[in-house]
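Visitor: Take a look at the following structure, please.
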Amino acid sequence: MSLYTPDRLEPSDETDAHDIDETGAVDRAPGRPTVTVVVPAMNEAKNLPHVAARMPADIDEIVFVDGHSVDDTVAVARSLWPEAKFVTQSRKGKGNALACGFRVATSDIVVMIDADGSTDPAEIPLFVGALVAGADFAKGTRFADGGGSSDITFSRKLGNKALNAIVNLKFGAAFSDLCYGYNAFWRHHVQVMALPAVEATEAQWGDGFEIETLINVRVANAGLKITEVPSFEQDRIHGESNLNAVRDGLRVLRTIRSEQRTTATHLSPAPVPQG
């Protein structure tokens, strides 16, 4: 499995981006962009072997962000990815973990996945392909042909649909799956996301699950070209999710309202100089 042969696709005659030598080693295709995968994790030791088994062989860099785990998460991750960069997040929450990971990523492309097995690393080539084809931001969606979910509940699906409609109306976007966190982008676009500073000691807005909405809205506001990529969300393999549909849904709604005010401020006419 490699960046050019997604597991759920049949390779075509045109998919010949690299060769495999007699030892089974994969050579990077000349001129292809480099890829970093950011993996935030907290107490995911039991799930990491599955994630690693699905990871394409020719990923250039893995940034593993530990959320102050109290199990063997870090030890398991080091055994699976000994060459990875290991970071301990500076505060709490998925948003802070991603900000810490993006900060140390060095590849041309950054991919954000979950460590619980719900996002399939074997789909990474689909996201990379969308970026190479001209997108600035590849947005995973469970609600397009080829996508789906075995995990989302009816109430979460309904809430996501409502929040989606609000964002598309207010920001002129065309998202079909606002609250799905499987995304990829060219690293130089991190600056338009304006993520909370990792050095701050106090909790920041954007540290939690609202990070996905915050990123999506800011990317749309920046006028970046967004391509949606069908993705199938699996059930978490082991453990309990930290997601709370009501609490986190309200945080997403607050993010939308906050970003609307920010956008309105940016679009206000500049004051006319007097005299």
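The values are calculated or read from the model by the stated rules, or taken from the named source; none is laboratory data. Just so it is clear, the structure is predicted and the values come from calculations on it, not from any experiment. Note that we place each Cβ from the backbone using ideal geometry, even for glycine, and neighbour counts take in every protein chain shown. In case anyone asks, the SASA skips ligands and DNA or RNA and just uses the protein heavy atoms, side chains included. Shrake-Rupley method; radii C 1.70, N 1.55, O 1.52, S 1.80 Å.
Visitor: Give the percent of DSSP beta bridges with both residues in region 35-258 that are antiparallel, rounded to the nearest 5.
Guide: 25 percent
Visitor: If you don't mind, another one. Can you send over the carbon and sulfur percentage of the accessible area for region 35-258, probe radius 1.4 Å, protein chains only?
Guide: Carbon plus sulfur share of accessible area: 53 percent.
Visitor: State whether region 35-258 is rounded, prolate or oblate according to the following rule on the C-alpha gyration tensor (a ≥ b ≥ c being the square roots of its eigenvalues): a/c under 1.5 gives rounded; otherwise a/b larger than b/c gives prolate, and the remaining case gives oblate.
Guide: Rounded, because the longest to shortest axis ratio a/c is under 1.5.
Visitor: Counting only C-alpha contacts under 8 Å and six or more residues apart, can you give the relative contact order of region 52-195 as a whole percent?
Guide: Relative contact order for region 52-195 comes out at 26 percent.
Visitor: Take each of the peptides 172-184, 194-206, 60-72, average the number of other beta-carbon atoms within 10 Å over its residues, and list them starting from the highest.
Guide: Result, highest mean first: 172-184, 60-72, 194-206.
Visitor: If R0 is 25 Å, what FRET efficiency do you get for residue 227 and residue 257 from their C-beta distance, rounded to 0.05?
Guide: 0.40
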